[in-house]
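The values are calculated or read from the model by the stated rules, or taken from the named source; none is laboratory data. Computed from a predicted structure; not experimentally measured. Positions of Cβ are generated from backbone atoms using ideal geometry, with glycine treated the same way; all protein chains shown enter the neighbour counts. For the accessible areas, the whole protein counts, side chains as well, though only heavy atoms, and no ligand, DNA or RNA atoms are used. Shrake-Rupley method; radii C 1.70, N 1.55, O 1.52, S 1.80 Å.
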Amino acid sequence: MITIDLRRLGTGLGLAAFLLGSTAASAKTLVFCSEGSPENFTPAMNTTGTSLDAARPVFDQLVEFERGSTKLKPGLAESWDISPDGLTITFHLRKGVKFGATKDFKPTRDFNADDVIWSFDRQYNEKNPYNKVSGGKFDYYSDMDMPKLVKEWEKKDENTVILHLNEPNVPILANLAMDFGTIQSAEYADALMKKGKPEQFDQVPVGTGPFVFSSYQKDAVIRFKANPTYWGGKPAIDDLIFAITADATARVSKLKAGECQVAAYPRPADLPELQKDAALDLMSQPGLNIGYMAFNVKKPPLDKKEVRIALSMAIDKAAIIKEVYGEAGQPAKNLIPPTLLGYNNDIQDYAFDTAKAKSMLEAAGVKTPIDMDLWYMPVQRPYNPNAKRVAEMMQSDLAKIGVNVKLVTYEWGEYRKRLQNGEHMLGQLGWTGDNGDPDNFFFLLGCAAARDGGQNLSKWCNKDFDADMEKAKSVTDTAERAKLYQQMQVIAHDDQPEMNIAHSVVYVPVNKKVTDYKISPLGRFQFDGVDIK
């Protein structure tokens, strides 16, 4: 049986609330110390791991990733057929799949093709009544170029959906396994619209997943219960609790005290202590990630590549990695990590050289001193354990070449929104791959994602880079794809729209009472298939 300190689970979580949410003494409870509050519970509207992790227990996709892998497996589609020309994919849906219920909604039918059509229609059809609900931003759908790629989603019958494409696309199935491919209940959406409460759809999620949403207290706790009718079998965990704990030190303290069994993103400084704890397993694997600083090319003098290169050369990347990442980081010279297809190891990173950086600025016509802003994330991420300290070190280095940097940050959701709108000059962010395909990294520098609100934070658009990226999506020959990706890395290196900082090793400390937890190469925290002694 697990002992839980109610005072530590989250601010304002009282005894009565806990008892109302608890099950019998024999029930198995797993507490995950997560790092932040979700923006909402609709994956298609979110891009941060914090929000996606919080919604994932409730939902499924047509195609899914095996736990702890990038290998695809059937999800809500039990099988699919691809036409010889690659322009049509026919999904054969599972029958008898049940949606969860809430206190205000009880589904009257099983999952069917209407739910698939509705889930994607909301993301691109402005006439869909939910298209603008909760802000109406579907960045993944747009940035993965789905509006251009998809010709039509067709309902053939209740259990068959046909995806018609405008052009063949190699990573399409892996893309549909991403969180924006989550299938939601069209019946639930209709019911809430009739009640005049459409915003509730994104705050009280209903899905077909292994867990059913119970409750959420902002900045404190999220509760889920095992879905007894889950098509994949009822989870071994009866109660899943996300104890929202923003401070990394507090997460470690709770973990060591047995108040949570899995914790997100330990600080590199805490790793030796966690390694020595006999009650814990410190799981690790190289992350499919990148931490970077984007140069907003829309803001002079950052429109000149010579200036972007000079700023990169002025920053001591090795010192940042040594102090902030420790053994958990390796210098990044390319956007994609070394394990991905097409990684170009021939690229030579720009050397740290203060004197040369200063002379390059002068040659580019930049008069110093000059003022710039540098934005840093308010939260710890797998690709950057301490963005504020990274920003401070960059600030110190840039001052030596006459660039006076003002440090800026905002609440996490607001920070991302403002960055995507291009308000920054220099902006820190990063990425953890969603599907193991290089395209899932390179789109971050694509022209489609350079729009206002898009995830290309540099707002850089290079036609040659984009042409290679588009061609690589349709090429089935692996060697040819790899060559295209290598060319793209040369273009990005030479134009320097961002400074690549580091790829990190991802660590997940887990109580030894937890069995069959699998660390995800995609940075996910996933609890179906997990048990606890």
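Quick rundown of the values:
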item: Size of the range 142-241 as Cα extents on the principal axes (Å, biggest first); result: 44, 36, 32
item: Average accessible surface area per residue within the chain, 1.4 Å rolling probe, Å²; result: 39
item: Under 16 Å from K367, Cα to Cα: aspartates and glutamates that are on another chain or at least 8 residues apart; result: D303, E306
item: Under-5 Å amide H pairs with G430, H placed in peptide plane, nonlocal only; result: Y292
item: Residues Y124 and K299, FRET efficiency given R0 of 25 Å [Cβ-Cβ distance, rounded to 0.05]; result: 0.25
item: R0 of 56 Å, Cβ-Cβ distance E78-E306: FRET efficiency to nearest 0.05; result: 0.50
item: Under 15 Å, Cβ to Cβ, from D121 - net charge with Lys/Arg +1 and Asp/Glu -1; result: -2
item: Most to least packed among 100-107, 60-67 [average Cβ atoms within 10 Å]; result: 60-67, 100-107
item: Furthest towards positive pole of dipole, G96, G402, L192, structure part the chain, Cβ charges; result: L192
item: Cα-Cα P(r), the range 326-424, percent of pairs per 10 Å interval; result: 13, 32, 39, 17, 0
item: Magnitude of the charge dipole, the chain, Cβ model with Lys/Arg +1 and Asp/Glu -1, debye to 20; result: 1200
item: Using alpha-carbon coordinates, inclination of helix 478-495 to the longest axis of the chain, degrees; result: 50
item: Projected area, mean over directions - the range 400-533, Cα convex hull, nm²; result: 12.0
item: Entries in K356/K483; K71/K276; K28/K518; K28/K254 that, when Cα-Cα distance is taken, lie over 29 Å; result: K356/K483; K71/K276
item: Extension gain, D353 back to T102 (0.36 nm per residue minus Cα-Cα distance, nm); result: 84.4 nm
item: Distant-in-sequence amide H partners of L93 (H built 1.01 Å from N, under 5 Å); result: E78, T160, V161
item: Peptides ranked, highest mean first, by Cβ atoms within 10 Å: ranges 202-213, 135-146; result: 202-213, 135-146
item: Relative contact order of the range 156-266, pairs being alpha-carbon contacts under 8 Å that are 6 or more residues apart, as %; result: 13
item: Debye, to nearest 20: dipole size of the range 409-533, +1 on Lys, Arg Cβ, -1 on Asp, Glu Cβ; result: 480
item: The chain - percent of accessible surface contributed by carbon and sulfur, probe 1.4 Å; result: 50
item: Helical mean residue ellipticity (222 nm; -39500 (n - 2.57) per DSSP H run of 4+; nearest 500) of the chain; result: -7500 deg cm²/dmol
item: W460 long-range amide H proximity, modeled H, under 5 Å; result: V297
item: Simple spin-label estimate for K518 and S26 in nanometres, 7 Å along Cα-Cβ; result: 3.0
item: Cα-based helix-to-principal-axis angle, 305-314 vs the chain, degrees rounded to 10; result: 90
